[in-house]
Structure formats: C-alpha cells, structure tokens
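J.: My questions will all concern the structure given below.
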Amino acid sequence: MSTSPYNPQQDEQLLWARLCNGDREAFGEIYRRYFPLLFRYCIRFTTDRALVKDMLQDFFSQLYVQRAGLSLPVNLKSYLMVSARRKLFRYLDKSAHGPASLDEGTASGFALELSPESILINRQRTEQTTRLLQQKLDALTLRQKEAIYLRFYEGLSYEEIADIMLLKEVKYARTLIYRAIAELKELLAQNESALMFR
C-alpha cells in the first residue's frame, strides 16, 4: 500500500478552498498557522505591538468576511504576507507610528536583530561583537533589512520576496540581498579583530 508524500502546498490549497466555502475550522487552522508568522513580520515595522495585533485581528476578520470572493493563491504564505504588509502600511499611514513612506529606503522603519539562536551559538563572542553586528544591521536600508529578514529569518525564495516587497522583477530581490550582505562583509572586515573568538 503506497501513500503519496505529504505536500504542504496541497494542504494549504485545500484549507483555503474550505475557508472560501465557509469552513470555520479551516479558518481557525489558517489563523493558528499564520498569525504568529505575520505578527513576527509586521512587528519589524513598528514597536506598537497592540497596533499590530489589532491590525491582524482586523485582517483575519476581513479575510473571513470576504472569503467567498477570494481566489486560490499560488503560495498562501506569500499571499498572506503581502496582504498583511499592505494592511499594516495603511494602518501606519493613518497613525503617527510610521515614517512618511516605508518604501523610501530609510533605515529606521524596519527592525532587524540577531536571532536568539544566533546569540546562543555565538555566546562565546564578546559583547562588543554583538553590538558591532547589530550596528551593521541597523546601518542597512529599510528595504535591505526587510529582504534579509524574509530570506534568512523566514526562509522565503527570491520570487516570494519580490512578490511580498512589490518588486518588479526577482533580480531586484537578489540585488537587495547581495548588496546588504556585501555591505555587512565590508563593514565587518574593517572590524575583523572584534570578531575573533577569545
């Protein structure tokens, strides 16, 4: 008796189809799976956790209300991230929390930090090294930080990143990430002695 291998994309498409037909359990499962991911992503744009929670509650409520008119996305994760990002930007535009334009490339609108795993792995590194790395991350533009987050923290493909960030071509997502990495390497090379293990 052979069983077909598990396909997460088919699972998502089935969940989405069930949601569109009004299945509350499917909606609950989508909410359970994606609320934490969307929260982690959106909180990078603002420190107002309450605003992000309210926005996501509104986002998911609207998703359920409008379910009958929704089409089947190619990639559910990307679709939800794009939609939540747009809604967050509208929320931030209406409030005093966001910069004038989140697409200007300023470095102040997207928080990117070392992950807790990185901090644990590099525990032997000095406090100065952690500060240096954080300074270098903070020096990246908003767009670079967002692209780095999506690629290395969420594991998204360049195609998904281009979709989420509304880039015209996939090559722009690659360029953003390559330039950010090149800048980090260049800045860190200048401070190589600070990165040595003790």
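The values are calculated or read from the model by the stated rules, or taken from the named source; none is laboratory data. Everything quoted here is computed from the prediction, not taken from an experiment. Cβ: placed from backbone, ideal geometry, glycine included. Neighbour counts: every protein chain shown. To get the accessible areas, we keep the full protein, side chains included, count just its heavy atoms, and leave off ligands, DNA and RNA. Shrake-Rupley method; radii C 1.70, N 1.55, O 1.52, S 1.80 Å.
J.: From the protein chains alone at 1.4 Å, what is the descending order of accessible area for Lys168, Lys87, largest first?
T.: Lys168, Lys87
J.: Run the 1.4 Å probe and let me know the accessible area of Leu56, rounded to the nearest 10 Å².
T.: 0
J.: Under a crude label model (7 Å from the Cα following the beta-carbon direction), how far is Asp11 from Thr175 in nanometres?
T.: Distance between the two pseudo-spin positions: 3.7 nm.
J.: Something else about it: Just by accessible area at a 1.4 angstrom probe, what is the order of Asp11, Asp138 from largest to smallest?
T.: Descending accessible area places them as Asp138, Asp11.
J.: Going from most exposed to least, what order do Glu146, Glu25, Glu169, Glu160 have by accessible area with a 1.4 Å probe? Write down the numbers at each step before the final one.
T.: Numbers: Glu146 0, Glu25 145, Glu169 85, Glu160 35 Å².
Solvent-accessible surface, decreasing: Glu25, Glu169, Glu160, Glu146.
J.: Something else about it: Which links in Lys53/Lys171; Lys77/Lys145; Lys87/Lys168; Lys53/Lys145; Lys94/Lys185 stretch past 30 Å when you go from one Cα to the other?
T.: Numbers: Lys53/Lys171 33 Å; Lys77/Lys145 19 Å; Lys87/Lys168 20 Å; Lys53/Lys145 22 Å; Lys94/Lys185 38 Å.
Listed pairs above 30 Å: Lys53/Lys171; Lys94/Lys185.
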